[in-house]
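*Asks:* Can you read through this structure? Questions will come right after.
The values are calculated or read from the model by the stated rules, or taken from the named source; none is laboratory data. Owing to the predicted nature of the structure, the values given are computational and were not obtained by experimental measurement. Cβ atoms come from the backbone with ideal geometry, glycine included; neighbour counts cover every protein chain shown. These area figures cover heavy atoms from the full protein model, side chains too; ligands, DNA and RNA do not enter into them. Shrake-Rupley method; radii C 1.70, N 1.55, O 1.52, S 1.80 Å.
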Amino acid sequence: MAHPAQLGLQNATSPIMEELIAFHDHTLMIIFLISSLVLYIISLMLTTKLTHTSTMNAQEIETIWTILPAIILIMIALPSLRILYMTDEFNKPYFTLKAIGHQWYWSYEYSDYEGLIFESYIMPTYYLQPGEFRLLEVDNRTTLPMEADIRMLITSQDVLHSWAVPSLGVKADAIPGRLNQAMLASMRPGLFYGQCSEICGSNHSFMPIVLEFIYFQDLEVWASYLYIVSL
């Protein structure tokens, strides 16, 4: 969960998010070194009398400032492509959940439990309990098993939406008439919050997402309870 005056990303909950944070730090360090070098050269040129102006036309320095940026781009591109392929891997998902965007709420279908479907609306402020977050809490939390590969099927019934949970490193567009896939996994139990990241209408900012990761045996108890309530 983000907190006030936070400068970095949210703490990683999934392996993909850990890789994204590492890539962010890697790229930020490269940018910092380039910026420091450029600032040093600018300050040097403004404060030092040039005595070797002939070097500005040398082929050697032109070769250096052509090859060096190419090497830097390769250093950025290789880990980026690695993470891109990791996010597209779907190896035998343990669990499947379908999220459907509506104006302006989410509904969820558990493909592994026949008939287990519910809607998730934002919780009105006057219903909030102490410790719950305004504009982020929902009436029905999406409960999932931890330490399991979960396949998300994301679509929309009306307009474009975007299903995003920052701490899991997941963000996928919900497009009417199309199914998008995303893989997520949580290494620890807890509550994780997200929101619709598409400007889908007047209530765009009132489509929160709350995922509750629990142990698998507790998930079976939760699913059985929902069946009893729905009867």
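*Asks:* Can you compute the modelled spin-label distance between Q181 and D112, with each label point 7 Å from Cα toward Cβ, in nm?
*Replies:* In this crude spin-label approximation the distance works out to 1.7 nm.
*Asks:* Further, regarding this structure: Just to check I understand the Karplus step: with θ = phi - 60° and J = 6.51 cos²θ - 1.76 cosθ + 1.60, what whole-Hz values come out for region 2-7, glycine and proline as x?
*Replies:* 5, 10, x, 6, 6, 9
*Asks:* Using alpha carbons only, how many degrees (0 to 90, rounded to 10) separate the axis of helix 15-47 from the longest principal axis of the chain?
*Replies:* Value to nearest ten degrees: 30.
*Asks:* Which GluC sites (Glu not before Pro) in region 106-139 sit in a loop by DSSP (not H, G, I, E or B) and have at most 14 other Cβ atoms within 10 Å of their own Cβ?
*Replies:* Those that pass, being in a loop and sparsely packed, are E114, E132.
*Asks:* I'd like the FRET efficiency for E132 and I21, computed as 1/(1 + (r/R0)^6) with the beta carbon distance as r and R0 of 41 Å, rounded to 0.05.
*Replies:* 0.95
*Asks:* Which whole-number percent of Cα pairs in region 50-154 have a distance greater than 21 Å?
*Replies:* Of all Cα-Cα pairs in region 50-154, 65 percent lie more than 21 Å apart.
*Asks:* Enter the angle in degrees (range 0 to 90, nearest 10) between the Cα long axis of helix 59-87 and the first principal axis of the Cα atoms of the chain, meaning the one along which they spread out most.
*Replies:* Helix 59-87 sits roughly 10 degrees off the main axis of the chain.
*Asks:* Another one. Any idea how far the Cα center of region 60-123 sits from the one of region 2-38, in Å?
*Replies:* So the separation of the two Cα centres works out to 17 Å.
*Asks:* Follow-up question, since we're still on this one. Taking the structure as given and computing volume of the Cα convex hull per residue in Å³, which label from (i) 184; (ii) 169; (iii) 125 fits?
*Replies:* (i)
*Asks:* May I ask you to give the percent of accessible area on the chain that is carbon plus sulfur, with a probe radius of 1.4 Å?
*Replies:* 62
*Asks:* Okay, next question. Does region 122-217 come out rounded, prolate or oblate, given a ≥ b ≥ c as the square roots of the eigenvalues of its C-alpha gyration tensor, rounded meaning a/c under 1.5 and, failing that, prolate meaning a/b above b/c?
*Replies:* Cα axes put region 122-217 in the oblate bin.
*Asks:* At 0.36 nm per residue, and after removing the present C-alpha to C-alpha distance, how many nm does the segment from L37 to F90 gain when stretched out fully?
*Replies:* Taking 0.36 nm per residue and subtracting the Cα distance, the gain is 14.9 nm.
*Asks:* Ok, one more. Taking the Cβ-Cβ separation of K49 and I72 as r and a Förster radius of 22 Å, what is the calculated FRET efficiency to the nearest 0.05?
*Replies:* After rounding, the FRET efficiency stands at 0.15.
*Asks:* What percent does the relative contact order of the chain come to when contacts are Cα pairs within less than 8 Å and at least six residues apart?
*Replies:* 20
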